[in-house]
Amino acid sequence: MLDSLGPWLIVIGAVAGGGVGLVLSRRRPKPPSASKEPAHPVGPLRPVGPSAPVSLAPQAPPLPPSPPPHADASTWLTYAQGMAAGQEEMLAREALDRALDLCAQAMHEARTEGTIALLSQALGTAAGLSAPGSLARAHALLGRQMTVESDVEGAHGHFLTALDLYEGQGDRAGVAAVCDLLAVLHTRVGDPEGAETYWRYALSLMTALGDRPEEARLLGRLGGVALHRGEWHAAADLLREALVLQEGLGNPLAAAHLAQDLAGLEESRGDVAAALDFWRRMHRFLEEAGELQSPLGQACAAAFVRLEGLR
């Protein structure tokens, strides 16, 4: 019987095998079409988190806006500090110098409220910027204001620091300017010898630099010291040299002041004719400067009346 069923078993097995294969093929997932991307593409593993790296470095504060042209010294100093914090050193130095310019202008106009506090801040800013020129200037300005406020010790310390800074930079003009300030300080405390020493050193520097206006001014300063000490010949020589320079430079008002000193010197020596000659020159200088109605012009007019009566 089995022999008679043999061919049928082969047929039945083939059919059954095909049915099982059909069932398995229906359960097996179809391979993805080449035209479609897989739902979950295979790629390198990435850490969970933001795609862009996060910097841990501190963020610099936003830079402040540039002050308007009419801003005061405090505003420019604040701007300089903001630029320094933002690593904008060139802009910071420029703003610091602008603040120092405005401080100097305010001091010249006797508007000095808060100047010492402001300049003290400027010192710190200049030191942080490694700006020795600005630092020296801030020390010199502080010394000037302390001289006005009769803080002799404080002024002297700032002047000496400024002098060292300028010398370290090889800035002869800066050294001469501070020597001038030190001479004024010595004059205020009644030390004409100390003042003369500083003025002579400043004069030598300005002469070497060929700065004729400063040379003329310093000659006048030294002439005034000699006049104060009663050294008539030395005073006359210095004042005359200064007068020639100022007249040649076209500075009639400065020349008028020197002519007044020389007129007073000649009066003290009893030479009325020479004194009148200098008063006349003073009158001419004041006329050129448009200052005949000034207190200096009134002093000149009074001198004419006084000396004409002595002739």
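The values are calculated or read from the model by the stated rules, or taken from the named source; none is laboratory data. Not measured: the values here are computed from a predicted model. When we count neighbours, we look across all protein chains shown, and the Cβ atoms used for this are built from the backbone with ideal geometry, even at glycine. To get the accessible areas, we keep the full protein, side chains included, count just its heavy atoms, and leave off ligands, DNA and RNA. Shrake-Rupley method; radii C 1.70, N 1.55, O 1.52, S 1.80 Å.
Go through region 138-151 and report how many residues are assigned to a helix (DSSP H, G or I) and open to solvent by 20 Å² or more (accessible area, probe 1.4 Å).
Final tally of qualifying residues: 4.
If R212 passes every condition in (1) surrounded by fewer than 20 Cβ atoms within 10 Å (Cβ to Cβ); (2) within 22 Å of L142 (Cβ to Cβ) but one, which one does it miss?
If we test R212 against (1) surrounded by fewer than 20 Cβ atoms within 10 Å (Cβ to Cβ); (2) within 22 Å of L142 (Cβ to Cβ), just (2) comes out false.
Can you report the number of residues in region 169-187 which are more than 17 Å from S150 (Cα to Cα) and among the β-branched types (V, I, T)?
Residues meeting the conditions: 2.
Any idea how many residues of region 61-74 are open to solvent by 60 Å² or more (accessible area, probe 1.4 Å) and either under 20 Å from L119 (Cβ atoms) or in a helix (DSSP H, G or I) (or both)?
So the count comes out to 1.
Go through (1) crowded, with 23+ Cβ neighbours inside 10 Å; (2) closer than 30 Å to G223 by Cβ and name the single condition T125 misses.
(2)
If G154 meets every condition in (1) part of a helix (DSSP H, G or I); (2) over 25 Å from the mean Cα position of the chain (by Cα); (3) surrounded by fewer than 22 Cβ atoms within 10 Å (Cβ to Cβ) apart from one, which number is that one?
The one condition G154 does not meet is (2).
Run G230 past the list (1) at positive phi; (2) open to solvent by 50 Å² or more (accessible area, probe 1.4 Å) and report the number of the one that doesn't hold.
(2)
Is it true that D237 is surrounded by fewer than 21 Cβ atoms within 10 Å (Cβ to Cβ), of a type in the set (D, E), at pLDDT 95 or above and farther than 21 Å from H186 by Cβ?
Yes.
Considering each residue of region 169-204, count those that are surrounded by fewer than 21 Cβ atoms within 10 Å (Cβ to Cβ) and touching a Cys at 6+ places or on another chain (Cβ under 8 Å), and give that number.
Total meeting the criteria: 1.
Determine which single condition Y79 fails, assuming it passes every other condition in (1) touching a Ser or Thr at 6+ places or on another chain (Cβ under 8 Å); (2) in a loop (DSSP other than H, G, I, E, B); (3) of a type outside the set (S, T, N, Q).
(2)
If G250 meets every condition in (1) of a type in the set (G, A, S); (2) on the phi > 0 side of the Ramachandran plot; (3) open to solvent by less than 40 Å² (accessible area, probe 1.4 Å) apart from one, which number is that one?
(3)
Only one residue in L91, L135 is modelled with pLDDT of 95 or more and either assigned to a helix (DSSP H, G or I) or open to solvent by less than 50 Å² (accessible area, probe 1.4 Å) (or both). Which one?
On the way: L91 fails: modelled with pLDDT of 95 or more.
None of the others qualify; the one that does is L135.
Please go through region 94-119 and pick out each residue that is touching a Phe, Trp or Tyr at 6+ places or on another chain (Cβ under 8 Å) and assigned to a loop (DSSP other than H, G, I, E, B). Full working, then the answer.
Taking region 94-119 first, the residues touching a Phe, Trp or Tyr at 6+ places or on another chain (Cβ under 8 Å) are 95-96, 98-99, 102.
Selection gives nothing.
Taking region 111-149, which residues are under 11 Å from the mean Cα position of the chain (by Cα), under 24 Å from A183 (Cβ atoms) and hydrophobic (A, V, I, L, M, F, W, C)?
L119, L123, L135, A136, A138
So for region 198-210 (the condition being without any contact (Cβ under 8 Å) to a residue 12 or more places away in the chain and of a type outside the set (V, I, T)), does at least one residue qualify?
There is at least one residue in region 198-210 that is without any contact (Cβ under 8 Å) to a residue 12 or more places away in the chain and of a type outside the set (V, I, T).
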